[in-house]
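There's a structure below that I have some questions on.
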Amino acid sequence: MRPAPLPVRDGLGPARVRLHGGTVLTELTTRFGAAARAKVIAGEVVDADGVAVDGTTVLPAGASVYLYRDLPQEVPVPFGIEVLHRDDDIVVVDKPHFLATMPRGRHVAQTALVRLRRELDLPELSPAHRLDRLTAGVLLFTTRRELRGRYQTLFARGEVRKTYLARATVDPQLVLPQLVSNRIVKRRGQLQAVVVPGEPNAETLIELISPDGLYRLTPRTGRTHQLRLHMAGLGVPILGDSLYPNIVPVPDDDFSTPLQLLAQGIEFDDPITGSRREFISRREEGSL
């Protein structure tokens, strides 16, 4: 994809708007209101070549313009991000609970990506994979745009071994270890993912490794909410889960009950160096 014509500013790249076609000022005003109109008039909206549009600019359907969004009010996440490893190509961190991986919805500045771009002064930093906002643990970023695809491909192809730890209740009748395999669908606009009939697209090996309810989860796929849904489906939902099996509303400023799920480690063959890489969270099992 062609790079955006505006640079990253304060850790956040510009928003891209695909146009329906016609006069840009009229369309942006109709779609986004007076704030968007003001940005056009102020010369803060540019086309794909970086040229500022004005009140007379007409662009065809499918063309794109770029602008910096106005950030929403966000509750600061009061936890730091520990860097486990940093070199010229990648940054690996221990993401805290409650911090989204990258901007989405009402979480923009309070995300691991934006905070790390600011803290490390790496404007091209990009995640190679994602962790749920409520999941803590090992998260890998690439430092330059040209490297991103090679590391993302490792995760997309399932070539990264991922290990998680979770705490949940113990059911003496539950036979473990168990390989859970089913089909998961996450529909737009719905908070929960669901299991549906069809060819399996989600697979997790679940093991109880301590009688007090510590589980090791080894996913062989990476569907949204896969681990949380698989544990809940076995009747042992992860402690602190506000989505499975039931939705429990939690205010954004309530950090009292973290989801007891930790991305403990990842292991893979580095696509640049060819060497075997392994990164392990420094969080203690007792913190779950």
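The values are calculated or read from the model by the stated rules, or taken from the named source; none is laboratory data. These numbers were taken from a predicted model, which means no experiment stands behind them. With ideal geometry, Cβ positions are generated from the backbone for all residues, glycine too; neighbour counts draw on all protein chains shown. Ligands, DNA and RNA are stripped out before the accessible areas are found, and what is left, the full protein with its side chains, is counted by its heavy atoms. Shrake-Rupley method; radii C 1.70, N 1.55, O 1.52, S 1.80 Å.
Between GLU119 and ASP54, what length comes free when the chain is fully extended (0.36 nm per residue of separation minus the Cα-Cα distance, one decimal in nm)? Let's see the in-between values first.
Values: separation 65, 0.36 × 65 = 23.40 nm, distance 3.49 nm.
That pair, GLU119 and ASP54, stretches by 19.9 nm at full extension.
While we're here: For region 172-288, compute Rg over Rh where Rg is the Cα radius of gyration and Rh is the Kirkwood radius from the inverse mean 1/r over Cα pairs.
Numbers: Rg = 15.9 Å, Rh = 16.1 Å.
Checking Rg against Rh, the ratio lands at 0.99.
Where the accessible area of the chain is counted over protein heavy atoms with a 1.4 Å probe, how much of it, in %, is carbon and sulfur?
Details: 7400 of 14950 Å².
C and S atoms contribute 49 percent here.
A further question follows. If you count only protein heavy atoms with a 1.4 Å probe, what accessible area per residue comes out for region 15-67, rounded to a whole Å²?
Numbers: 2720 Å² over 53 residues.
Result: 51 Å² per residue.
If the cut-off is a Cα-Cα distance under 29 Å, which lysines reach LYS95, setting aside same-chain residues fewer than 8 apart in sequence?
LYS162, LYS186
Using the heavy atoms of the protein chains and a 1.4 angstrom probe, tell me the accessible area per residue for region 81-160 in square angstrom. Mind showing how you got there, number by number?
On the way: 3350 Å² over 80 residues.
Result: 42 Å² per residue.
If contacts are Cα pairs under 8 angstrom and at least 6 residues apart, what is the relative contact order of the chain in percent? Mind showing how you got there, number by number?
Details: 570 pairs, mean separation 41.2, N = 288.
Across the chain, relative contact order equals 14 percent.
Between SER181 and ARG69, what length comes free when the chain is fully extended (0.36 nm per residue of separation minus the Cα-Cα distance, one decimal in nm)?
Numbers: separation 112, 0.36 × 112 = 40.32 nm, distance 4.08 nm.
Gain on stretching SER181 to ARG69: 36.2 nm.
A further question follows. Specify which labelled value, from [x] 19.5; [y] 21.1; [z] 21.6, agrees with Kirkwood radius over Cα pairs in Å derived from the coordinates of the model shown.
Working out Kirkwood radius over Cα pairs in Å from the coordinates points to [y].
Dipole magnitude of region 15-67 about its Cα centre, charges +1 at Lys/Arg Cβ and -1 at Asp/Glu Cβ only, in debye to the nearest 20? The partial results should precede the final answer.
Numbers: 5 positive and 5 negative charges, 44 e Å.
Using only the charged Cβ atoms, the result is roughly 220 debye.
Compute the Kirkwood hydrodynamic radius of region 153-193, taking the inverse of the mean of 1/r over all pairs of distinct Cα atoms, and give it in Å to one decimal. Could you put the intermediate results ahead of the total?
Numbers: mean 1/r = 0.0706 Å⁻¹.
The answer is 14.2 Å.
For the full complex of protein chains and a 1.4 angstrom probe, list ARG104, ARG31 by accessible area with the highest value first.
Working: ARG104 180, ARG31 90 Å².
From most exposed to least exposed: ARG104, ARG31.
Under a Cβ-only charge scheme (Lys and Arg +1, Asp and Glu -1), can you give me the dipole magnitude of region 82-287 about the Cα centre, in debye to the nearest 20?
740 debye
Sticking with the crude label model, points 7 Å out along Cα→Cβ, report the distance from ARG144 to MET102 in nm, one decimal please.
My value for the distance between the label points is 1.9 nm.
When 1/r is averaged over all different Cα pairs and the result inverted, which Kirkwood radius in Å belongs to region 104-213?
Details: mean 1/r = 0.0582 Å⁻¹.
It works out to 17.2 Å.
Using only the alpha carbons of region 15-67, determine the length spanned along each of the three principal axes and report them from longest to shortest in whole angstroms.
So the extents along the principal axes, rounded to whole Å, are 23, 21, 20.
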